[in-house]
Amino acid sequence: MARRRIIVNNDYYNIFQVKPPVTEQDIYDAVDRLQIPGSQVDTLFLLADVGMSGAVSPEVRRLYEHPDTDPCLESLDGLKAAGKDPWGMVLQRAKAQGLECFASFRMNDTHYKDHPFHYWMDQFYYDNLHHRVSLTSEMGHRDKAEFDYRASAVQAYHLEWIRDTVAQYDVDGVELDFTRNCVCFPDPNREECAPVMTEFVRKVREALDAAGTRRGKRLLLAATTPYSLYRTRLEGVDLPAMARLGLLDLLCLSTPFVVDFDRDVA
């Protein structure tokens, strides 16, 4: 029987929500807190760094800056401008302490898409507004602002992000986080799009296998899903099919945003 895991899914950006300036010790403390006596945490799912900062010049950014912009983004920008790699620092600290580390990728994060403008929206977002799940999403709302995975450009964008991360960092695997934000296809009949998502996950598995071959180890692939297997299937994510194809190593049955322990684990 495979060993059990106690997983912490770390938002990464929250690490920098401390009083500026953020120090290296602040970064290390985020890892060290996981190792308190008795925690038994052995696996870290660390949200991959999108790397969108600097998409526009500081002058333009100041003109459009949203009043609710998280100040931790400025701290993160400052660390990178100083030549540091905060994500790599977290990973290195965790690996040194014997933690298994996955790069976590949100399949359709809508953070900041409720702002009229946000400097962390990179050029891909503006080039592909027509590839959102709805072309009638209202300004100031995240609802229906997700990308439509039927578009090859959307798949290529996310796949490149995964490939670049596993090429740059010595991770043990990748997590596909479907809880952010639960929607990958437009209504109606999202379930008809399941083959599209299964094929995308197959490409991810293929990319991990290629990277693992270069390193001499298998990179694991985890999926975190927000609903039951049945409801997930209705959203166009066919987990049993992915399992039959041998694409997944771990499955985390989670919830969208409200705690619900009624999950078909067996």
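Amide hydrogen proximity for residue 9: with H placed 1.01 Å from N in the peptide plane, the residues at 5 or more positions away or on another chain lying under 5 Å are 45.
Tally the DSSP beta bridges in the chain and give the antiparallel ones as a percent, rounded to 5. Let's see the in-between values first.
Values: 1 of 24 bridges.
In the chain, approximately 5 percent of DSSP beta bridges are antiparallel ones.
Of all stretches in the chain that contain no chymotrypsin sites (Phe, Trp or Tyr not before Pro) in a DSSP loop with at most 14 other Cβ atoms within 10 Å, the longest one is 118-256. Rounded to the nearest Hz, the phi-derived 3J(HN,Hα) couplings of region 221-238 under the Karplus curve 6.51 cos²θ - 1.76 cosθ + 1.60 (θ = phi - 60°) are 10, 10, 10, 10, 10, x, 9, 5, 4, 5, 5, 4, 4, 5, 7, x, 10, 9, where x marks glycine and proline. Counting only Cα atoms, the chain measures 49, 48, 38 Å along its principal axes, largest extent leading. Think of each Lys and Arg Cβ as +1 and each Asp and Glu Cβ as -1; about the Cα centre, that makes the dipole of region 188-253 roughly 340 debye. Taking only the alpha carbons of region 120-225, we obtain Rg and Dmax values of 15.1, 48 Å in that order.
Using a probe of 1.4 Å, the accessible surface attributed to residue 141 totals some 100 Å² when neighbouring protein chains are kept in position. For residue 206, neighbours were defined as the other residues whose beta-carbon sits under 11 Å from its Cβ, and their charges (Lys and Arg +1, Asp and Glu -1) total +2. Screening the chain for DSSP H helices whose Cα atoms reach 27 Å or more along their own axis and whose mean Kyte hydropathy is at least -1.0 gives 194-215. Taking only the C-alpha atoms of region 183-252, the Rg (one decimal) and the largest Cα-Cα distance, Dmax (whole number), read 13.1, 44 Å.
Please go through the residue pairs 113/203; 19/144; 19/113; 84/113; 19/203 and name each one whose alpha carbons sit more than 32 Å apart in this structure.
Working: 113/203 27 Å; 19/144 34 Å; 19/113 26 Å; 84/113 28 Å; 19/203 41 Å.
From the list (113/203; 19/144; 19/113; 84/113; 19/203), the Cα-Cα distance tops 32 Å for 19/144; 19/203.
Can you list the GluC sites (Glu not before Pro) in region 76-164 that are in a DSSP coil and have 14 or fewer other beta carbons within 10 angstrom?
Values: sites: 100, 138, 146, 160; in loops: 138, 146.
When the GluC sites (Glu not before Pro) of region 76-164 are filtered for loop state and at most 14 Cβ neighbours within 10 Å, 138 remain.
Among residues other than residue 72 with Cβ under 12 Å from its Cβ, the summed charge is -4 (Lys and Arg +1, Asp and Glu -1). Expressed as a whole percent, how much of the Cα-Cα distance distribution for region 1-147 exceeds 25 Å? Counting every Cα pair in region 1-147, those more than 25 Å apart make up 39 percent.
Each residue of region 172-177 is assigned a 3J(HN,Hα), and the resulting list reads 8, x, 10, 10, 9, 9 Hz, derived from the Karplus form 6.51 cos²θ - 1.76 cosθ + 1.60 (θ = phi - 60°), x at Gly and Pro.
The values are calculated or read from the model by the stated rules, or taken from the named source; none is laboratory data. None of these values were measured; they are calculated from a predicted model. As a convention, Cβ positions derive from the backbone with ideal geometry for all residues, glycine included, and neighbour counts pool all protein chains shown. Remember, those area values only see protein heavy atoms, side chains included, never the ligands or the DNA or RNA. Shrake-Rupley method; radii C 1.70, N 1.55, O 1.52, S 1.80 Å.
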